[in-house]
Amino acid sequence: MSPAAQEWDRLLELISARVASAGKPLDAIDAVLSAPARTTDVRRLGDHPVMQTFRAELTDGLIRADTARQTIGLLTRLMEQLKP
């Protein structure tokens with residue numbers, strides 16, 4: 001595994017840990033997850049198709065502008081939800 005891919009995985013784990021440690025519902029999905037009778041499909045950030053595409057292109061050494069834009073957009077939406 002390339003150093004860039006390892007760093008990418010490490011950053012995704014840090015973001016996931018931050019989301020998990022926030023302690024309060026961040027959005028509607030978190031509210032549903034905290035309700036006892038409901039379930040939903042929750043995936044790791046690294047499993048998101050945009051993240052998978054970015055990681056594959058990062059490993060190949062050729063990141064398309066569109067992929068970078070989608071990745072930044074997804075991470076921006078996530079970080080907006082993490083604001084205190």
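The values are calculated or read from the model by the stated rules, or taken from the named source; none is laboratory data. The structure displayed is predicted, hence computed values, not measured ones. Reconstructed Cβ throughout: ideal geometry from the backbone, glycine too, with neighbour counts over all protein chains shown.
Being within 10 Å of the chain's Cα centre (by Cα) and of a type in the set (A, V, I, L, M) is the filter here, so list the residues in the stretch 62-84 that pass it.
Matches in the stretch 62-84: LEU74, LEU75, LEU78, MET79.
How many residues does the stretch 16-73 hold that are more than 16 Å from GLN6 (Cα to Cα), modelled with pLDDT of 90 or more and not in a loop (DSSP other than H, G, I, E, B)?
Summing the residues that are more than 16 Å from GLN6 (Cα to Cα), modelled with pLDDT of 90 or more and not in a loop (DSSP other than H, G, I, E, B) in the stretch 16-73 gives 11.
Pairs only if they're at least six apart or on different chains, beta carbon under 8 angstrom, first in the stretch 52-64 and in contact (Cβ under 8 Å) with a residue 24 or more places away in the chain, second in a loop (DSSP other than H, G, I, E, B) and surrounded by 14 or more Cβ atoms within 10 Å (Cβ to Cβ); list them, first residue then second.
PHE54/ILE63
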